[in-house]
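For reference, the structure discussed in these notes is given below.
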Amino acid sequence: MIKIVTIIGARPQIIKAAALSRAIRKHFSDSITEIVVHTGQHYDDNMSQVFFDELNIPQPDYNLKVGSLNHGKQTAKMIEGIEDILLSEKPDYIVLYGDTNSTLAGAIAASKIHVPIVHIEAGLRSFNKTMPEEINRICCDHCSTMLFSPTTTGYNNLVREGFNPNNQKKFTIDNPGIYHCGDVMYDNSKYFSIIAEQKSEIMKRENLVGKSFILCTIHRDSNTDNKMRLVSIIIALLKLSQHETIVLPLHPRTEKSLKTNLNKELYDKFYSCDNIKIIPPASFLDMINLEKSAAMIMTDSGGVQKEAYFFNKPCIIMRSETEWKEIVETGSAVIVDANKDRIISAYHEYNENPPKHFPSIFGDGHAAEFICNEMIINSLS
């Protein structure tokens, strides 16, 4: 029996962790014990607790309740709390997801006291080090013992950075193992899409008809906190609303920024637009239903980009780069930054020529099982 400590802190990590917890419960309950630690990086009932309840994720064994602070203070408090837990629990591995401050804190705490790190979503690169997430993911990768990349591109990034693909078990921090394993979020999307059809009532509640609307999400601080970028996006949405209904689950950061960064005329025009349907943040199951039902998706979220691909939807990426370069290469997604003219042009292009081919690039839906099995094998080596 091996013991793992899973670190979660932000909403996407809670969802990703569901895949591993489910695999352990169904297939590895006699081989793996999981301790779940919530750092409290994002923690409130709307943004965190609802996901534990809705997705049947094990409740955290620990909650550090760090909360929203500046990067340094937040990360420091997490390091302190995670280190105490690792010293107490003495796990065989710490499992880290993605690229948040919780990820970075877990990597620093574990590497300093020699707890092997398993990094899920390893190798992703935007090649933009002004993004805090880029620093976090690079640091975590280079502290890790086992690195699981969801894509071939991610795997190749690791090789280019000096990771040896020919390393043999037993893997250690100085002899790390790298894998292309598929995406745990693809596991989740396959599993929860069936449940969403049964449980989600958002289409009925919001009076929506399938394939009759664009789904839009805006939450990244590079867009919400930059007045010029946010104004450009809002002007584009108002223009597109002349042709389409736009459904916008409004992130709290975005709601606050709209009040701050839009002048009164634009703000009133946006909120009074009949074809822009502003709704509260959607639960994961509701979000899946919206994604499956939309005609097109516009987003600055990395996760939503992938989910658009999972459900065969064209995606307009309102960022200057993406970690998921494969979906752009297939032609099913396009990077438009926050440029209103490029956003509008991309809409017209996809409306007239929607993508027809979505090659299988995110695995077979069993990535979590593969990861669990490899942790066990490495421990026995």
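The values are calculated or read from the model by the stated rules, or taken from the named source; none is laboratory data. Since the structure is predicted, the reported quantities are computational estimates derived from the model, not experimental observations. Cβ sites come from the backbone with ideal geometry, for glycine too, and all protein chains shown count toward neighbours.
From the set of residues in region 116-130 that are over 18 Å from ALA367 (Cα atoms) and without any contact (Cβ under 8 Å) to a residue 60 or more places away in the chain, which is surrounded by the most Cβ atoms within 10 Å (Cβ to Cβ)?
Pass one, region 116-130, residues over 18 Å from ALA367 (Cα atoms): 116, 125-130.
Pick out the ones that are also without any contact (Cβ under 8 Å) to a residue 60 or more places away in the chain and you get 116, 129-130.
Working: PRO116: 23, LYS129: 10, THR130: 8.
Checking each candidate, the answer is PRO116.
Taking GLU34, is it part of a helix (DSSP H, G or I) and under 26 Å from HIS114 (Cβ atoms)?
It is false that GLU34 is part of a helix (DSSP H, G or I) and under 26 Å from HIS114 (Cβ atoms).
Scan region 3-18 and report the pairs whose first residue is of a type in the set (Ser, Thr, Tyr) and whose second residue is not in a strand (DSSP E or B), with Cβ atoms within less than 6 Å and a gap of 6+ or a chain change.
THR6/ALA17
If SER241 passes every condition in (1) buried (at least 22 other Cβ atoms within 10 Å of the Cβ); (2) at pLDDT 95 or above but one, which one does it miss?
(1)
Quick check on my filter: what residues within region 134-157 are under 20 Å from THR75 (Cβ atoms) and either of a type in the set (Lys, Arg) or surrounded by fewer than 16 Cβ atoms within 10 Å (Cβ to Cβ) (or both)?
Just the residues of region 134-157 that are under 20 Å from THR75 (Cβ atoms), to begin with: 134-144.
Those that are under 20 Å from THR75 (Cβ atoms) and either of a type in the set (Lys, Arg) or surrounded by fewer than 16 Cβ atoms within 10 Å (Cβ to Cβ) (or both): ILE135, ARG137.
With the requirement that a residue be outside any helix (DSSP H, G or I) and out of contact with any Asp or Glu (no Cβ under 7 Å at 6 or more places or on another chain), what does region 352-371 give you?
At the first step, the residues of region 352-371 found to be outside any helix (DSSP H, G or I) are 353-366.
Matches in region 352-371: ASN353, PRO354, PRO355, LYS356, HIS357, PHE358, PRO359, SER360, ASP364.
Going through THR254, THR260 one at a time, which residue ends up being surrounded by fewer than 16 Cβ atoms within 10 Å (Cβ to Cβ), over 17 Å from SER241 (Cα atoms), of a type in the set (Val, Ile, Thr) and free of Cβ contacts under 8 Å to residues at least 40 places away in the same chain? Before the answer, list the steps.
Details: THR254 fails: surrounded by fewer than 16 Cβ atoms within 10 Å (Cβ to Cβ).
Residue meeting the stated conditions: THR260.
Here is a list: GLY106, GLY9. Which entry is within 30 Å of ILE195 (Cα to Cα), buried (at least 18 other Cβ atoms within 10 Å of the Cβ) and under 20 Å from the mean Cα position of the chain (by Cα)? Full working, then the answer.
Values: GLY106 fails: within 30 Å of ILE195 (Cα to Cα).
Of GLY106, GLY9, the one residue that is within 30 Å of ILE195 (Cα to Cα), buried (at least 18 other Cβ atoms within 10 Å of the Cβ) and under 20 Å from the mean Cα position of the chain (by Cα) is GLY9.
Which of the residues belonging to region 158-186 are at positive phi and loosely packed, with under 12 Cβ neighbours inside 10 Å? Explain how you work it out, then say what you get.
Residues of region 158-186 that are at positive phi, as a first pass: 162, 182.
Hit for region 158-186 is GLY162, nothing else.
Return yes when ALA295 is in contact (Cβ under 8 Å) with a residue 40 or more places away in the chain and either among the aliphatic types (A, V, I, L, M) or buried (at least 23 other Cβ atoms within 10 Å of the Cβ) (or both) and no when it is not. Walk me through it before giving the result.
On the way: in contact (Cβ under 8 Å) with a residue 40 or more places away in the chain: yes; either among the aliphatic types (A, V, I, L, M) or buried (at least 23 other Cβ atoms within 10 Å of the Cβ) (or both): yes.
In short, yes.
Please work out if SER222 is surrounded by fewer than 22 Cβ atoms within 10 Å (Cβ to Cβ) and under 30 Å from HIS119 (Cα atoms). Break it down into steps so the answer makes sense when it comes.
On the way: surrounded by fewer than 22 Cβ atoms within 10 Å (Cβ to Cβ): yes; under 30 Å from HIS119 (Cα atoms): yes.
Judged against the criteria, SER222 is a match.
Could you identify the single residue in ILE194, ILE202 that is aliphatic (A, V, I, L, M) and in contact with a helix residue (DSSP H, G or I) (Cβ under 9 Å, 6 or more places away or on another chain)? Quick ask: steps written out before the conclusion?
Values: ILE194 fails: in contact with a helix residue (DSSP H, G or I) (Cβ under 9 Å, 6 or more places away or on another chain).
None of the others qualify; the one that does is ILE202.
If the requirement is being touching a Phe, Trp or Tyr at 6+ places or on another chain (Cβ under 8 Å), over 24 Å from ASN351 (Cα atoms) and among the basic types (Lys, Arg), which of these qualifies: LYS204, LYS259, LYS264?
LYS259
Confirm whether ASN157 is of a type outside the set (Gly, Ala, Ser), at pLDDT 95 or above and touching an Asp or Glu at 6+ places or on another chain (Cβ under 6 Å).
On the way: of a type outside the set (Gly, Ala, Ser): yes; at pLDDT 95 or above: yes; touching an Asp or Glu at 6+ places or on another chain (Cβ under 6 Å): no.
So ASN157 fails the test.
Could you list all residues from region 293-342 that are more than 25 Å from SER193 (Cα to Cα), of a type outside the set (Ser, Thr, Tyr) and more than 16 Å from the chain's Cα centre (by Cα)?
Answer for region 293-342, where residues must be more than 25 Å from SER193 (Cα to Cα), of a type outside the set (Ser, Thr, Tyr) and more than 16 Å from the chain's Cα centre (by Cα): GLU329, ILE335, VAL336, ASP337, ALA338, ASN339, LYS340, ASP341, ARG342.
Could you tell me whether region 71-89 includes any residue that is assigned to a strand (DSSP E or B) and surrounded by 24 or more Cβ atoms within 10 Å (Cβ to Cβ)?
Looking only at region 71-89, we keep the residues that are assigned to a strand (DSSP E or B), and these are none.
For region 71-89, residues assigned to a strand (DSSP E or B) and surrounded by 24 or more Cβ atoms within 10 Å (Cβ to Cβ): absent.
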